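Peer 1: Would you mind keeping the following structure in view while I ask a few things?
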Amino acid sequence: MRSEELVEAITSFAHEKKAIDVVVLDLREVVGYTDYFVICSGNTSRQTKAIHDAILEGLKHRHELLPRRVEGAAGAEWILMDYLDVVAHVFTPQARDFYRLEDLWGEAPARTATVAESA
């Protein structure tokens, strides 16, 4: 699966669980270890866990893909899912405000992923 297709699949699964503020950072010209970050939020840690579960199960069952690594699923404030070419970050709003990944990676082109794009 191409990294662009993986981004679309991840954003689609996130939107199915009502993820908010879904942003895609294009890191291809910035770093060599991944192509994209998909960053999104859930209103609560329960919702971030549901978004994580939807991405994990959706990619596993529909595309036979498992993440190389998952961090933060137990606390569900910031869940990182590493699919190598694409890294998904699922935050609570408070954690996202604190870590500010979009600001940290400000030199990377960013776009908002809408529900229509991921349908």
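The values are calculated or read from the model by the stated rules, or taken from the named source; none is laboratory data. Here the structure is a predicted model, which is why all the values come from computation and not from measurement. When we count neighbours, we look across all protein chains shown, and the Cβ atoms used for this are built from the backbone with ideal geometry, even at glycine. All accessible areas refer to the heavy atoms of the entire protein, side chains included, with ligands and DNA or RNA removed. Shrake-Rupley method; radii C 1.70, N 1.55, O 1.52, S 1.80 Å.
Peer 1: Under a crude label model (7 Å from the Cα following the beta-carbon direction), how far is Leu84 from Leu104 in nanometres?
Peer 2: So the two model labels end up 2.3 nm from each other.
Peer 1: Related question: Suppose we keep just the alpha-carbon trace of the range 34-86; what are its Rg and Dmax in angstrom?
Peer 2: My reading of the Cα-based Rg and Dmax gives 10.8, 29 Å.
Peer 1: Next question, about the same structure. Have a look at Thr34, Leu56, Ala9 and report the one farthest towards the positive end of the charge dipole of the chain, computed about the Cα centre with Cβ charges (Lys/Arg +1, Asp/Glu -1).
Peer 2: Leu56
Peer 1: Please work out how much length the chain gains when fully extended from Arg111 to Arg46, using 0.36 nm per residue of separation minus the C-alpha to C-alpha distance, in nm with one decimal. Can you show the working numbers first?
Peer 2: On the way: separation 65, 0.36 × 65 = 23.40 nm, distance 2.59 nm.
The span from Arg111 to Arg46 would gain 20.8 nm if fully extended.
Peer 1: Place a +1 charge on the Cβ of each Lys and Arg in the chain and a -1 charge on the Cβ of each Asp and Glu, then give the dipole magnitude about the Cα centre in debye, rounded to the nearest 20.
Peer 2: Values: 13 positive and 20 negative charges, 86 e Å.
Around 420 debye, computed over the chain.
Peer 1: Please sort 23-36, 75-88 by packing, taking for each peptide the average over its residues of neighbouring beta carbons within 10 angstrom, highest first.
Peer 2: Values: 23-36: 15.8, 75-88: 20.4.
My ranking of the peptides, most packed first, is 75-88, 23-36.
Peer 1: Calculate, in whole percent, how much of the Cα-Cα pair population of the range 1-52 lies beyond 14 Å. Spell out each step's value before the answer.
Peer 2: Numbers: 700 of 1326 pairs.
Counting every Cα pair in the range 1-52, those more than 14 Å apart make up 53 percent.
Peer 1: Rounded to a whole number, what % of the accessible area of the range 1-43 do carbon and sulfur atoms account for, probe 1.4 Å?
Peer 2: Roughly 45 percent of what the probe reaches on the range 1-43 is carbon or sulfur.
Peer 1: How many percent of DSSP beta bridges within the chain run antiparallel, rounded to 5? Let's see the in-between values first.
Peer 2: Values: 16 of 22 bridges.
Counting DSSP beta bridges with both partners in the chain, the antiparallel share is about 75 percent.
Peer 1: Write down the accessible area per residue of the chain in Å², having rolled a 1.4 Å probe over the full set of protein chains.
Peer 2: About 55 Å² of surface per residue is accessible.
Peer 1: Please calculate the 1.4 Å probe accessible area of Ser3, with all protein chains present, and give it to the nearest 10 Å².
Peer 2: Accessible area of Ser3: about 10 Å².
Peer 1: What is the diffusion coefficient of the chain in µm²/s, taking the Kirkwood radius over Cα pairs and the Stokes-Einstein relation at 20 °C with a viscosity of 1.002 mPa s? Numbers along the way, then the final one.
Peer 2: Numbers: Rh = 13.9 Å.
For these conditions, the coefficient is 155 µm²/s.
Peer 1: As a test of the formula, what do you get for the chain when each DSSP H run with n ≥ 4 contributes -39,500 (n - 2.57) and the sum is divided by the residue count, at 222 nm and rounded to the nearest 500 deg cm²/dmol? Present the calculation step by step, with values, prior to reporting the outcome.
Peer 2: Numbers: 5 runs with 48 residues, N = 119.
Calculated from helices alone, the mean residue ellipticity at 222 nm is -11500 deg cm²/dmol.
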